[in-house]
């Protein structure tokens with residue numbers, strides 16, 4: 001294969017964005033070969049704008065079986081990702097799925113299993129993994145510069161969404177349409193980076209979601225979650241869509257100091273000696289370790305979506321490892337599902353979660369919602 | 001009365017500090033008339049250093065009944081505060097109690113009741129209420145500048161205490177000696193300011209305390225607490241003694257924007273129009289309110305302990321209202337007790353708390369501790 005022939009499913013905002021940089025030839029070794037969208041008028045626009053070189057299909061199933069493509073980029077509503085990915089794998093296609101991987105882990109686990117059976121290249125559009133800030137954070141933690149982690153704290157409340165936003169589509173902020181609120185729609189990146197950059201998945205979670213706070217919607221738009229990790233560390237994740245201006249501040253403290261990412265800067269308060277060592281030898285009741293505060297240099301770059309598509313293309317052509325393997329999508333989603341489940345059960349949720357219980361509880365929400373609309 | 005004759009109970013670090021500024025005549029209308037301490041050698045030092053003008057007593061009971069004083073400043077271990085205050089009120093004395101008011105709310109409620117019956121002036125040494133930062137915050141919130149509060153978030157993890165500190169006194173960080181850890185010893189100010197500055201007491205609390213984390217102690221030294229308020233707002237309070245360098249960052253978001261206190265500065269992101277109003281009239285899905293960011297000027301001053309003692313003296317002499325009424329001590333303590341109780345019961349705690357249940361659980365800790373030492 002010289003060029004990966006890509007098909008895009010779903011030409012909404014995201015799908016159209018991906019198409020644009022592919023058409024401009026910004027991804028080496030990839031070409032946009034086909035698109036599918038259920039709206040004939042959207043396909044007519046495509047023909048008019050992009051010409052006949054790109055084949056159009058009214059259904060993804062048809063496109064998957066056309067022989068016109070080698071891989072697909074799935075940009076459809078969340079619920080459809082696993083369904084379409086599983087079909088694409090069955091058709092022998094490589095898959096790059098938009099985030100979130102899906103709405104509930106049960107369907108995402110099935111997607112992961114289908115990917116494994118297929119042996120195809122399976123990626124997820126976690127474009128924030130190309131952000132130099134979070135790449136650097138991950139590298140600092142993985143290399144031991146911060147020492148063993150003791151606490152994580154992410155306040156990510158700058159996802160402001162007005163009622164007008166929620167009213168702009170009938171599917172928005174509904175259990176049936178999107179399968180959730182801020183956790184599934186706005187936070188997938190942060191929920192992924194929280195575990196990816198730290199290398200820690202929570203062991204158990206206790207969370208407190210508010211539904212329709214200051215907004216006329218049925219899903220969660222204000223969440224506080226507490227997490228415990230295997231190594232004894234704890235974490236907090238706070239998010240909302242009704243506060244303005246919100247905050248985006250990620251603090252991680254470890255045995256060798258503290259890192260804070262805020263305002264696109266990373267500050268490191270680094271202990272000259274690990275706290276555990278200092279504490280072991282220190283004999284002065286009010287002494288504390290020597291600390292050096294400095295800003296970590298962050299390289300420019302981070303090509304976001306384009307870089308993830310390039311990375312996935314490279315993997316297809318050269319077998320290089322993926323920055324964002326599709327299998328990882330279940331991690332952030334597990335955390336997200338756990339937060340809702342903890343609220344619904346008003347108790348602790350151990351990870352991995354009881355996927356059937358979550359699925360049942362989600363169905364209850366959908367049914368209740370349908371009744372209240374009827 | 002021209003001068004309030006003050007007696008100090010307990011000449012440890014705090015008591016000695018109060019004595020020093022009183023002897024220097026830094027509190028108008030007050031004079032240090034007597035001190036009591038259970039250590040005769042400490043009293044001998046007092047005689048030598050401060051002369052015969054100050055009477056000394058080996059027991060507070062004796063001092064309370066000596067006729068030598070009009071009011072007492074209680075600087076004894078936490079458990080003794082209510083016992084001594086109740087006795088002092090019975091002797092017709094005014095009382096200024098060091099924080100925390102006590103260890104459990106049951107005894108503090110009894111102290112408050114004794115104060116009410118006595119009609120004497122009853123204050124608590126919440127010296128941080130004289131800090132211009134928090135006075136300003138309280139004023140901004142009370143005057144409506146921030147609008148209705150939606151979220152509070154205090155990360156107060158800069159209470160670093162090494163093992164050497166904990167080893168420096170056998171009573172330290174024990175249930176029998178101090179009645180708790182970071183909540184009762186380091187956080188009383190923040191727990192008070194959290195409710196005083198915002199004007200909001202939590203309606204219920206779910207908290208997660210770790211005991212002896214990275215330290216060989218039996219009490220809590222790492223806490224994450226989630227609070228819900230009557231108006232629907234939520235809050236987070238995170239504290240620890242083992243992290244270095246810690247953080248002291250208090251963020252409050254409201255209908256008119258956000259205030260953050262950090263590094264002794266107060267930043268206000270103020271919305272030109274309240275969010276609730278903007279949201280009601282806005283018709284553009286991705287629009288947000290106009291926001292102005294600025295630093296709030298903070299006046300110099302805040303005489304801390306001395307100012308609280310002056311304020312209490314003024315109240316005795318002139319009947320002026322107290323900045324820190326003794327009755328307020330139960331508020332922060334209720335929050336503190338609720339956090340422990342939530343951990344011990346692994347569930348929600350409604351406020352006001354079940355004071356008998358807390359007392360019983362505390363006794364269990366003390367007994368378990370005694371057994372493990374035997």
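Each reported figure results from applying straightforward, stated rules to the coordinates on display, with no laboratory input. The structure displayed is predicted, hence computed values, not measured ones. When we count neighbours, we look across all protein chains shown, and the Cβ atoms used for this are built from the backbone with ideal geometry, even at glycine.
Things worth noting here:
- Prolate/oblate/rounded label for the stretch A:253-374 (Cα gyration tensor, a/c 1.5): oblate
- The long axis of helix A:80-90 is offset from the longest Cα principal axis of chain A by roughly 70 degrees.
- C-alpha long axis of helix A:105-118 to longest principal axis of chain A, angle in °: 70
- Where labels lie 7 Å past Cα in the beta-carbon direction, separation of residue B:300 and residue A:28 in nm: 6.2
- For the stretch A:137-244, the C-alpha radius of gyration sits at 1.20 times the compact-globule guess of 2.2 N^0.38 Å, with N the residue count.
- With respect to chain B, whose longest principal axis is taken over its alpha-carbon atoms, helix B:13-23 is tilted by about 70°.
- With the simple spin-label model, which puts each label point 7 Å out from Cα in the Cβ direction, the residue A:65 to residue B:345 separation comes to 6.1 nm.
- Available extension along the chain between residue A:272 and residue A:363 is 27.5 nm, counting 0.36 nm per residue and deducting the alpha carbon span.
- Once both labels are positioned 7 Å from their Cα atoms along Cα-to-Cβ, the gap between residue A:79 and residue A:41 label points is 2.3 nm.
- Using the Cβ-Cβ distance between residue A:263 and residue A:20 with R0 set to 30 Å, the FRET efficiency works out to roughly 0.55.
- Å³ per residue enclosed by the Cα convex hull of the stretch A:298-364: 155
- Two-decimal Rg/Rh across the stretch B:205-314, once Rg and the Kirkwood Rh are taken from alpha-carbon atoms: 1.09
- Cα convex hull volume per residue for the stretch A:146-205 (Å³): 104
- Förster radius 30 Å - calculated FRET efficiency between residue A:281 and residue A:145, Cβ distance, rounded to 0.05: 0.90
- Rg/Rh ratio calculated on Cα atoms of the protein assembly as shown (Kirkwood radius): 1.06
- Teacher prompt: residue B:199 distances to equivalent labels in other copies, 7 Å Cα→Cβ, nm: 4.9
- Inter-copy label distances at residue A:273, using a point 7 Å along Cα-to-Cβ, come to 5.9 nm with the shortest given first.
- Plainly put, the tip 7 Å out from Cα toward Cβ on residue B:359 is 5.3 nm from that tip on each other copy, the closest given first.
- Calculated from the alpha-carbon coordinates, the stretch A:43-132 shows an Rg and a Dmax of 14.0, 40 Å respectively.
- Computed from the C-beta positions of residue B:52 and residue B:318, the FRET efficiency with R₀ = 30 Å rounds to 0.45.
- The alpha-carbon positions of chain B define a convex hull whose volume is 158 Å³ per residue.
- 222 nm mean residue ellipticity, helices alone, for chain A (DSSP H n ≥ 4; -39,500 (n - 2.57); rounded to 500): -11500 deg cm²/dmol
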